[in-house]
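Data first, discussion second: the structure below is written as structure tokens.
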Amino acid sequence: MFSTSLLNDVMRSIGLDNFTLSPRFKPLIDNTSIQGKAFTILGKETNNLSDHETLVQWTKFIDSIPKNSIAVCQSNSDKYAIMGDLSAETLKRNGVLGYIVDGGCRDISAIKKLNFPVFYFFNTPEDVVGRWIPEKLKEPITVSGVKISTNDFIVADSDGIIVIPSNKIQEVQERYNKIVNDENLVRNGIKEGLSSYESYMKYKKF
């Protein structure tokens with residue numbers, strides 16, 4: 001299991017940047033942690049479709065999200081809830097690991113009872129019916145300035161959300177394991193009585 005804080009250090013150390021999503025994201029359930037491959041969604045607001053037409057597109061989209069993935073949605077909306085309890089119920093039943101959206105969420109209490117992980121921007125009762133549709137699935141998206149493609153690796157926890165490009169996962173994992181080992185040496189040194197400075201000078205890590 002990755003930690004986003006340590007993962008940030010690892011990714012910077014191998015020359016990567018612009019991989020951390022906006023601090024506006026908040027977990028619906030405190031201390032939530034999810035990790036897995038992204039399934040991307042690009043959505044848009046609409047005013048020329050019926051309630052029925054938008055719900056047909058919405059339900060097909062919800063059913064298309066694969067098991068063991070994390071849905072990541074670029075909503076292009078600051079008005080509506082792009083997740084609610086019936087959709088969360090479906091996603092949990094289908095084995096989806098979690099849902100990340102740069103927009104709103106509703107039915108907060110009900111989703112908390114489901115214990116389904118959602119990371120989102122704001123609470124609102126405003127529904128998407130007749131007003132928003134998923135436009136593209138599995139296409140590259142940009143969420144809070146970070147480019148995300150399907151099968152990139154998502155790590156989300158209490159500190160934030162990080163995106164590992166799919167072609168960097170192995171390199172990041174190897175580097176992460178090394179830094180974990182290095183930090184454990186520092187941690188043990190501190191427990192044994194070394195000062196922070198002494199630990200840093202001994203292990204060149206802090």
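Some observations on this one:
- Test: residue in the range 105-118 that is buried (at least 19 other Cβ atoms within 10 Å of the Cβ), touching a Lys or Arg at 6+ places or on another chain (Cβ under 7 Å) and either among the aromatic types (Phe, Trp, Tyr) or at pLDDT 95 or above (or both): yes
- Within the range 52-72, the set of residues being free of Cβ contacts under 8 Å to residues at least 60 places away in the same chain, surrounded by 15 or more Cβ atoms within 10 Å (Cβ to Cβ) and not hydroxyl-bearing (Ser, Thr, Tyr) comprises Ile62, Ile65, Ala71.
- Residue identified as assigned to a loop (DSSP other than H, G, I, E, B), surrounded by fewer than 16 Cβ atoms within 10 Å (Cβ to Cβ) and among the polar types (S, T, N, Q) among Asn151, Asn177, Asn188, Asn184: Asn151
- When the range 175-205 is filtered for residues that are within 34 Å of the chain's Cα centre (by Cα) and aliphatic (A, V, I, L, M), the ones remaining, listed by number, are Ile179, Val180, Leu185, Val186, Ile190.
- Filter result for the condition that a residue is basic (Lys, Arg) and in the same structural domain as Leu21 (by TED's automatic domain parsing), over Lys191, Lys113, Lys178: Lys113
- Residue list for the range 33-53, restricted to those being aliphatic (A, V, I, L, M) and under 28 Å from the mean Cα position of the chain (by Cα): Ile34, Ala38, Ile41, Leu42
- Of Asn31, Asn8, Asn76, Asn18, all but one fail to be in contact (Cβ under 8 Å) with a residue 60 or more places away in the chain, on the phi > 0 side of the Ramachandran plot and in contact with an Asp or Glu (Cβ under 9 Å, 6 or more places away or on another chain); the exception is Asn31.
- Options Phe19, Phe39, Phe2: the member that is over 25 Å from Ser109 (Cα atoms), modelled with pLDDT under 95 and buried (at least 18 other Cβ atoms within 10 Å of the Cβ): Phe2
- Only a single criterion out of (1) out of contact with any helix residue (DSSP H, G or I) (no Cβ under 8 Å at 6 or more places or on another chain); (2) not in a loop (DSSP other than H, G, I, E, B) is not satisfied by Ser77, namely (2).
- Selected residue (criterion: surrounded by the fewest Cβ atoms within 10 Å (Cβ to Cβ)) from residues of the range 129-142 that are part of a strand (DSSP E or B) and out of contact with any Leu (no Cβ under 6 Å at 6 or more places or on another chain): Thr142
This table checks each residue for (1) touching a helix residue (DSSP H, G or I) at 6+ places or on another chain (Cβ under 6 Å); (2) in contact (Cβ under 8 Å) with a residue 12 or more places away in the chain; (3) within 19 Å of Ser13 (Cα to Cα).
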site: Ile148; (1), (2), (3): no, yes, no
site: Val155; (1), (2), (3): yes, yes, yes
site: Val163; (1), (2), (3): no, yes, yes
site: Gln170; (1), (2), (3): no, no, yes
site: Asn177; (1), (2), (3): no, no, yes
site: Ile190; (1), (2), (3): yes, no, no
site: Glu198; (1), (2), (3): no, no, no
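- Across the range 56-74, the number of residues qualifying as within 19 Å of Ile141 (Cα to Cα) and assigned to a loop (DSSP other than H, G, I, E, B) comes to 2.
The values are calculated or read from the model by the stated rules, or taken from the named source; none is laboratory data. Given the structure is predicted, the values throughout are model-derived calculations rather than measurements. Cβ coordinates were reconstructed from backbone atoms using ideal geometry, including for glycine residues, and neighbour counts include every protein chain displayed.
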